[in-house]
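The next block holds one structure in the form of structure tokens; read it before the comments.
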Amino acid sequence: MSQMDLPPYATTGQKIWHYTFYVICGLIFFFLIAPILVIIPLSFNAEDFFTFTPEMLAFDPEGYSLKHYRDFFTNPDWQQAMWNSIKIAPAATFLSVSLGTLAAVGLSQDHVPFRRAIMAILISPMIVPLIISAAGMYFFYSRIGLQGTYFGVVLAHAALGIPFVIITVTATLVGFDRSLTRAAANLGANPVTTFFKVQMPLILPGVISGGLFAFITSFDEVVVVLFVGSANQQTLPWQMFTGLREQISPTILAVATILVVISIALLTTVEILRRRSERLRGMTPG
Amino acid sequence: MSDAASQTGPVLSADGKPLKRSLQRALRAQKLRALALIAPLLIFILVTFIAPIADMLFRSVENQIVSDTLPRTTRALQDWDHKAGQPPSEDVFAAFTYDLVAAAERKEHTRLGTRLNYEMTGISSLFRKTGRRVDDFGETYMDQFTQVDPALERPETWMTLMAAPDWQADYAAWDAARVAANKAGRDFDQPAPLFRLKAGVAEVLPETADAYAEFARLAQTENADNPADEEPWPPVFLALYRDLIHVGPGAIGRLDDASQAILAPAHDAVETFETVDLVDLYLDADEDWQNPQVWATIQAFAPAYTPGYFLSSVDLKQTPDGVAAQPEDQRIYVMLFQRTLFMSLVIMGSCVLLGYPIAYLLSNLPMRTSNVLLILVLLPFWTSLLVRTSAWKVLLQQQGVINDVLVWMGIVADDARLVMINNQFGTIVAMTHILLPFMILPLYSVMKTIPPSYVRAAKSLGATNWTAFWRVYFPQSVPGIGAGCILVFILAIGYYITPELVGGTTGTFISNRIAYHISSSLNWGLAAALGTILLAVVLILYWLYDRIVGIDNVSLG
């Protein structure tokens with residue numbers, strides 16, 4: 001029996017409170033989800049409005065159209081932004097995942113000197129507010145000539161994604177059975193072979209979800225790219241930001257819908273990976 | 001019985017070395033291997049992230065521009081007492097002339113003017129106006145010197161007076177190499193040897209030598225000219241006049257013969273020169289040069305490091321007489337910090353209010369149901385920040401969905417639609433929505449560990465539902481509230497995007513001001529100081545979070 005079931009002897013007052021609680025929770029869930037869901041139908045608006053037209057409410061096909069999506073796929077500004085995002089995020093993800101996994105393996109060893117201090121430094125990009133990271137990177141990268149370059153944005157985004165890789169991969173390594181690497185060494189495998197053939201396949205779910213976090217960090221990031229990048233590195237979130245600040249156009253809603261679909265896909269992947277890794281470790285999914 | 005057990009002395013390992021040492025070596029190797037794995041990332045983070053933060057901290061106190069641009073003036077001003085209420089002596093004005101004409105040639109005087117304008121409004125235009133005219137200061141003396149001896153106007157005369165012979169030889173060699181390279185069609189990128197003064201001239205004619213050397217080097221670095229072809233600018237003649245009027249007849253005799261021959265007639269004539277008051281030339285350019293406050297500001301900001309930006313960030317300012325409050329109408333930063341803290345607290349509070357019931361529900365429902373409902377929390381968590389902000393922008397507009405629904409339901413008249421965006425309300429609603437998952441997830445993970453038997457035991461001992469919750473369940477969930485609150489507060493206090501887009505003017509945070517100073521007002525020092533203060537607040541909170549929750553317990557959904 002779950003905690004939330006009403007006992008048969010509940011008084012009327014308890015019953016009322018019980019159902020009121022459900023209603024309150026329902027409203028809070030509505031608050032969480034509705035704003036995201038409402039933009040999906042609005043993005044098919046045939047007019048340039050940000051609200052439901054009478055035609056839409058009457059489910060008249062005339063009221064709906066794909067024109068904002070067409071605009072997104074034909075407008076050179078949006079296309080440029082999309083390609084910039086596609087070029088920056090994977091490069092940053094690759095850097096954070098490769099360096100981050102290596103360091104996480106190092107950090108999970110038994111004897112690491114200055115472990116806490118190193119961990120604090122590696123996690124710091126997640127703690128420091130983005131505007132401060134952006135300000136510091138803007139000052140420093142302009143000094144060394146990286147400001148306004150593709151490479152500079154990739155480095156900045158990689159730094160921001162690293163804490164997520166470190167956290168997810170070290171969490172996976174906690175449940176890693178160290179006797180497996182010892183067995184591999186015993187059977188004559190060198191450390192590199194042991195890492196790729198034994199350790200990597202087992203921690204792969206953690207690495208992939210860390211990578212997804214790093215990807216979404218870079219793909220969604222706007223504050224740092226706004227300062228470190230120049231017009232040539234204008235990414236999708238940047239274009240949305242200027243769009244929202246200056247001339248708000250309904251194309252933003254079409255882009256938002258596409259991004260929501262991408263987030264749903266990523267969320268599903270991470271959930272599947274998490275359950276798989278917990279099943280491998282013999283825990284119940286949940 | 002093995003040998004090792006019966007032996008006395010240190011225990012040996014298989015290869016005959018003491019076991020203790022072998023173990024130590026193995027441990028050291030293990031440590032080194034771990035560090036070698038971490039090193040690449042550590043270096044990467046240090047370069048791409050920690051160095052920028054350090055740079056920002058440095059910039060918040062750095063102030064070398066004044067002493068770099070006006071080296072002579074800051075030296076001359078050291079003994080001047082700003083309390084006397086008088087502008088400084090003519091010596092300071094002369095030093096300032098040499099500095100300003102060089103700065104104007106390097107086009108640095110406007111930057112310096114902008115910098116000092118942060119401290120005293122009006123200095124920027126003062127520098128700009130005077131910078132245009134300063135290279136004429138001393139023209140009177142130039143005319144009179146050339147009347148005495150027309151040769152003084154010619155570049156080669158000045159070479160004889162000032163240039164070191166070995167520099168002239170070096171320069172000639174460099175020039176010959178350059179010409180040869182050009183003829184052969186080769187690239188030639190060797191820098192020209194920088195102008196050097198003749199030995200002894202600086203002792204006899206200190207100001208002239210200094211002013212001319214600066215002129216010659218600027219001709220080389222700024223315009224790539226040969227100083228031997230350039231006629232010096234009027235301030236050099238001002239320096240010559242000031243030197244010759246001060247030195248006795250014997251001093252000239254210490255120069256070499258050629259120089260003596262050039263300068264002797266001029267030296268005899270300076271006594272009869274028509275003089276101009278240098279201060280008057282400045283007052284002609286702008287009356288404000290008379291204001292001791294201008295000079296006091298230059299003097300106060302001469303040191304290479306200044307607390308000035310930090311003082312500005314808390315609505316104080318550094319004046320020549322010490323620290324003082326900003327004028328009433330320019331005090332905004334304390335108010336902005338207060339607003340940032342207040343709104344972050346409100347957002348944190350609303351997150352607790354909305355997040356607690358949800359976390360409670362999720363942790364007490366059967367696993368299957370709660371997993372499905374958890375998706376509803378994770379979806380916003382994974383959705384792009386800009387998507388959520390644009391959703392709120394669309395919903396809260398006066399012609400937006402919420403107002404439409406309210407009008408349709410008859411709660412609000414069509415002509416009295418609610419203003420819910422571009423104010424504090426908009427920021428609080430949107431940020432509560434954005435940060436709510438960060439409250440729910442830590443709360444949920446704490447609540448999941450609370451055994452349900454405690455509440456059942458309380459109830460079986462006669463507690464009402466409320467007492468059982470408040471006295472038994474709630475205290476056990478407090479660590480979750482603490483963790484969630486600090487997390488939400490840390491995130492809220494540094495938010496930039498959402499306040500910028502839905503905050504209007506009354507709903508913006510300190511971070512918006514930082515961004516403004518970086519990209520619009522270009523007052524980087526102040527931006528760095530504001531950022532440093534914000535960073536300190538966040539780090540203190542983070543330290544608390546580490547004490548309460550532990551950094552290793554950060555989980556991601």
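The values are calculated or read from the model by the stated rules, or taken from the named source; none is laboratory data. As the structure is a computational prediction, the values presented were derived from the model and not from experiment. All Cβ positions, glycine included, derive from the backbone under ideal geometry; neighbour counts span all protein chains shown. Areas reflect the complete protein model, heavy atoms only, side chains present, ligands, DNA and RNA absent. Shrake-Rupley method; radii C 1.70, N 1.55, O 1.52, S 1.80 Å.
Identify, from the list B:468, B:458, B:463, the residue that is open to solvent by 20 Å² or more (accessible area, probe 1.4 Å), more than 10 Å from every other protein chain (Cβ to nearest Cβ) and without any contact (Cβ under 8 Å) to a residue 40 or more places away in the chain.
On the way: B:468 fails: open to solvent by 20 Å² or more (accessible area, probe 1.4 Å); B:458 fails: open to solvent by 20 Å² or more (accessible area, probe 1.4 Å).
On inspection, the qualifying residue turns out to be B:463.
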**OP:** Report yes if residue B:104 is outside any loop (DSSP other than H, G, I, E, B) and open to solvent by less than 20 Å² (accessible area, probe 1.4 Å), otherwise no.
**Re:** no
**OP:** Could you please find all residues in the range B:353-384 being within 12 Å of residue B:435 (Cβ to Cβ) and either open to solvent by 30 Å² or more (accessible area, probe 1.4 Å) or free of Cβ contacts under 8 Å to residues at least 40 places away in the same chain (or both)?
**Re:** B:354, B:381
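Return the residue satisfying two criteria in turn: it lies in the range B:390-410 and is more than 7 Å from chain A (Cβ to nearest Cβ) and touching a helix residue (DSSP H, G or I) at 6+ places or on another chain (Cβ under 9 Å), and of such residues it is most open to solvent (accessible area, probe 1.4 Å). Walk me through it before giving the result.
First, the residues of the range B:390-410 that are more than 7 Å from chain A (Cβ to nearest Cβ): B:396, B:398, B:402-403, B:405-410.
With the extra rule that they be touching a helix residue (DSSP H, G or I) at 6+ places or on another chain (Cβ under 9 Å), the set shrinks to B:396, B:402-403, B:407.
Details: B:396: 3, B:402: 54, B:403: 0, B:407: 37 Å².
Filtering first and then ranking leaves B:402.
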**OP:** Report, by residue number, each residue of the range B:442-453 that is of a type in the set (A, V, I, L, M, F, W, C), open to solvent by less than 30 Å² (accessible area, probe 1.4 Å) and away from chain A (no Cβ under 11 Å).
**Re:** B:443
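Return the residues of the range B:41-89 that are within 7 Å of another protein chain (Cβ to nearest Cβ) and either open to solvent by 50 Å² or more (accessible area, probe 1.4 Å) or within 19 Å of the chain's Cα centre (by Cα) (or both); say none if nothing qualifies. Steps first, answer last, please.
Of all residues in the range B:41-89, those within 7 Å of another protein chain (Cβ to nearest Cβ) come to B:41-42, B:44-45, B:48-53, B:55-56, B:59.
Correct list: B:48, B:49, B:50, B:51, B:52, B:53, B:55, B:56, B:59.
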Subject >> Number of positions in the range B:233-274 that are part of a helix (DSSP H, G or I), aromatic (Phe, Trp, Tyr) and surrounded by fewer than 19 Cβ atoms within 10 Å (Cβ to Cβ) >> reply: 0
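Does residue A:133 satisfy the criteria of being in a helix (DSSP H, G or I), more than 9 Å from every other protein chain (Cβ to nearest Cβ) and within 19 Å of residue A:241 (Cβ to Cβ)?
Working: in a helix (DSSP H, G or I): yes; more than 9 Å from every other protein chain (Cβ to nearest Cβ): no; within 19 Å of residue A:241 (Cβ to Cβ): yes.
Answer is no for this residue.
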Subject >> Those residues of the range B:529-557 which are within 7 Å of chain A (Cβ to nearest Cβ) and either touching a His at 6+ places or on another chain (Cβ under 9 Å) or at pLDDT 90 or above (or both), in sequence order >> reply: B:531, B:534, B:535, B:538
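I'm trying to understand the selection: among the residues of the range B:472-503, which are small (Gly, Ala, Ser) and either under 21 Å from residue B:533 (Cβ atoms) or crowded, with 19+ Cβ neighbours inside 10 Å (or both)? Spell out how you get there, then give the answer.
Pass one, the range B:472-503, residues small (Gly, Ala, Ser): B:477, B:480, B:482-484, B:492, B:494, B:503.
Result: B:477, B:480, B:483, B:484, B:492, B:494, B:503.
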**OP:** Scan the range B:276-290 and report the pairs whose first residue is over 19 Å from residue B:239 (Cβ atoms) and whose second residue is assigned to a loop (DSSP other than H, G, I, E, B), with Cβ atoms within less than 8 Å and a gap of 6+ or a chain change.
**Re:** B:288/B:122; B:289/B:87; B:290/B:87
**OP:** List every residue pair whose Cβ atoms lie under 6 Å apart, where the two residues are 6 or more positions apart in sequence or sit on different chains, the first residue falls within the range A:30-53 and is facing another protein chain (nearest Cβ under 9 Å), and the second residue, located anywhere, is charged (D, E, K, R) and part of a helix (DSSP H, G or I).
**Re:** A:51/B:404
Subject >> So residue B:323, is it assigned to a strand (DSSP E or B) and open to solvent by 20 Å² or more (accessible area, probe 1.4 Å) >> reply: yes
Original post:
Somewhere in the range A:104-121, is a residue more than 17 Å from the chain's Cα centre (by Cα), on the phi > 0 side of the Ramachandran plot and within 11 Å of chain B (Cβ to nearest Cβ)?
Top reply: yes
Original post:
If you take just the helices (runs of 4 or more DSSP H) that sit entirely in the range A:136-234, which of them hold at least 1 residues that are within 8 Å of chain B (Cβ to nearest Cβ)?
Top reply: A:150-174, A:200-220, A:223-228
Original post:
For the range B:514-524, how many residues are at pLDDT 90 or above and within 10 Å of chain A (Cβ to nearest Cβ)?
Top reply: 5
Subject >> Long-range neighbours under 9 Å by Cβ, at least six apart or interchain, first residue of a type in the set (Asp, Glu) within the range B:38-59, second part of a helix (DSSP H, G or I) and crowded, with 19+ Cβ neighbours inside 10 Å >> reply: B:55/A:136; B:55/A:137; B:55/A:139; B:55/A:140; B:55/B:528
Subject >> Residues of the range B:219-229 that turn out to be surrounded by fewer than 19 Cβ atoms within 10 Å (Cβ to Cβ) and over 16 Å from residue B:172 (Cα atoms), as a count >> reply: 3
Original post:
From A:63, A:13, which residue is exposed (fewer than 14 other Cβ atoms within 10 Å of the Cβ) and either more than 9 Å from chain B (Cβ to nearest Cβ) or more than 30 Å from residue B:447 (Cβ to Cβ) (or both)?
Top reply: A:13
Original post:
For residues in the range A:96-118 being in a helix (DSSP H, G or I), open to solvent by 20 Å² or more (accessible area, probe 1.4 Å) and free of Cβ contacts under 8 Å to residues at least 24 places away in the same chain, which is farthest from residue A:201 (Cα to Cα)?
Top reply: A:117
Subject >> Failed item in (1) without any contact (Cβ under 8 Å) to a residue 24 or more places away in the chain; (2) among the β-branched types (Val, Ile, Thr); (3) in the same structural domain as residue B:431 (by TED's automatic domain parsing), with residue B:346 passing the rest >> reply: (1)
**OP:** Give the range B:364-389 a look and list any residue that's under 43 Å from the mean Cα position of the chain (by Cα), within 7 Å of another protein chain (Cβ to nearest Cβ) and among the hydrophobic types (A, V, I, L, M, F, W, C), or say none.
**Re:** B:376, B:377, B:378, B:379, B:382, B:385, B:386, B:387
**OP:** Looking at (1) over 18 Å from the mean Cα position of the chain (by Cα); (2) open to solvent by less than 30 Å² (accessible area, probe 1.4 Å); (3) touching a residue at least 12 places away in the same chain (Cβ under 8 Å), find the lone condition where residue B:113 falls short.
**Re:** (1)
Original post:
Can we say residue A:175 is surrounded by fewer than 17 Cβ atoms within 10 Å (Cβ to Cβ) and in contact with a Ser or Thr (Cβ under 9 Å, 6 or more places away or on another chain)?
Top reply: yes
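Does residue B:507 qualify as being part of a helix (DSSP H, G or I) and over 30 Å from residue B:65 (Cα atoms)?
Details: part of a helix (DSSP H, G or I): no; over 30 Å from residue B:65 (Cα atoms): yes.
Considered against the rule, which asks whether it is part of a helix (DSSP H, G or I) and over 30 Å from residue B:65 (Cα atoms), residue B:507 comes out as no.
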